[in-house]
């Protein structure tokens, strides 16, 4: 292996095309020249653009070139990562790149290429977030996280009730509470109906078209109607119900698909070994459909957040939206 | 060793009382283009303790027939009867499906004890029975593994003892080794022979492999395709206990030739009909 490397003239390696994969068994030795070549290319690219003063008007081209170079670099490095460091490498890519993107964003706005009005720098966003966290809106009596630093004092003064009062003023907790309540209220009946529609063809044929039609209806559109149904249109009820509705339809359709997809051999085996009725559900149908149901719950959680934030934009004193 | 083994085709069934009686069984599927006959006037008697193999081209309705025996599918006409044993608590039948029918959400032990659990056998007792069966096929130390952690052959061992743990009157096997690779299949065939020698269950075994049918069975039943009818019955007069080496004996090879003579034509006909 070591011999093989020595036989290759170094000049040939330095000039090698970046996209040519390293020959097997020679991965590590050939990497270094390629890395240097990429870094040289990166510097040359930025240098040339800067020298001809095109860096500003063609900033997106520079960005694109840098992105390509970063991808090439990471790919080369990935080939020499030893297997036990593989996970660390993958995590670095997954979290390191967003950080790099934030840095680039910061730099581009700081350099005056993009307007900070439309694209405020990450540092300014973080500053605003911090201000929101430490401040208390006296007019609406809300804060972002419920002023956690005051919780120990509140606990000493008035016990759990004091801590609860602080939690109740937090925007984030209000949103999460609505999502949690709506999620549970929608998912349980949704899974229930989905299972029934999955196993009973009659119920499925009767309800499937209707459900599919209502499913595509934007829930924000029916929010005003839901509001009017409640004695307190501006309370928590309508918001939770809208979240529950969107979760319900998604879970019904998803669970139905999951139950219909169960390999019939599992149901036959279950019946043959004496399972029937509720036990067939408990031991065969539900566990067989569980992977799909959980995938559906994950999707539904995302949908619930989207719905609640759009509802809060529309009509809420408190909440993230 | 077995007086009936050397006699004519139906001698086995006559020597001992019939455990399974299926008479003139028909299965007709109504479709939009008219009824399709899957199984036409099929009769089969299986004696107590007999191992019967059903072989036929794909689409001959052999699996359908097995499911009707198991009560998982309804027949259109005819009668199917499995004679109950002395103990009314025992299930009439248990089916061994292909290996992927082992529940992946239950551990090996829970899979084996599943039938007992469904029949409300107390927990300690059903675990003891399941462990006994796991021991017999050398899977004791995999009791708490998940099926996905096992190889295909080990999974199918679980599938087989999941049925046997119920101590059914009749064991029904639906191409149980069909999805296994050739080498694993030989190992499991050997194991099946050993287990059957020990238990002497009444077995109906559906397969598409002639070798497997002759190796395992007391009798090989051939079927035609579209519609499924009885084509011929062969008694396997090869002494037990058998092993994989039995496949090299002259009697085995001769019988395989005779069976292929009949089945080969039928397979060719079935292929033409499908094209």
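Annotations for the structure displayed:
- Residues that are out of contact with any helix residue (DSSP H, G or I) (no Cβ under 6 Å at 6 or more places or on another chain), outside any loop (DSSP other than H, G, I, E, B) and surrounded by fewer than 23 Cβ atoms within 10 Å (Cβ to Cβ) within region B:149-159 comprise B:149, B:154, listed in sequence order.
- Residues located in region A:260-297, provided they are crowded, with 23+ Cβ neighbours inside 10 Å and away from chain B (no Cβ under 14 Å): A:296
- Tally, over region A:220-258, of residues that are farther than 15 Å from residue A:187 by Cβ and part of a helix (DSSP H, G or I): 15
- Restricting B:113, B:101, B:130 to those that are within 14 Å of chain A (Cβ to nearest Cβ), under 22 Å from residue A:276 (Cα atoms), crowded, with 20+ Cβ neighbours inside 10 Å and modelled with pLDDT under 90 reduces the list to B:101.
- Residue in region B:118-125 that is farther than 18 Å from residue A:280 by Cα, under 22 Å from the mean Cα position of the chain (by Cα) and more than 12 Å from every other protein chain (Cβ to nearest Cβ) present: no
- Residue-level analysis places residue B:106 among those that are in contact with a helix residue (DSSP H, G or I) (Cβ under 8 Å, 6 or more places away or on another chain), under 25 Å from residue A:276 (Cα atoms), buried (at least 17 other Cβ atoms within 10 Å of the Cβ) and within 11 Å of another protein chain (Cβ to nearest Cβ).
- Residue in region A:213-224 that is touching a residue at least 60 places away in the same chain (Cβ under 8 Å), buried (at least 22 other Cβ atoms within 10 Å of the Cβ), touching a helix residue (DSSP H, G or I) at 6+ places or on another chain (Cβ under 9 Å) and away from every other protein chain (no Cβ under 13 Å) present: yes
- Strands (runs of 3 or more DSSP E) enclosed by region B:9-98 - at least 2 residues per element that are away from chain A (no Cβ under 14 Å) and buried (at least 22 other Cβ atoms within 10 Å of the Cβ): B:18-31, B:34-47, B:51-55
- The condition (being within 18 Å of residue B:252 (Cβ to Cβ) and not assigned by TED's automatic domain parsing to the domain that holds residue B:134) is satisfied by just one residue among B:188, B:195, B:210: B:210.
- Residue match in region B:181-194 (condition: outside any strand (DSSP E or B) and touching a residue at least 60 places away in the same chain (Cβ under 8 Å)): no
The values are calculated or read from the model by the stated rules, or taken from the named source; none is laboratory data. None of the values given here were measured: they were computed from a predicted structure. Heads up, the Cβs are rebuilt from the backbone with ideal geometry, glycines too, and the neighbour counts pull from every protein chain shown.
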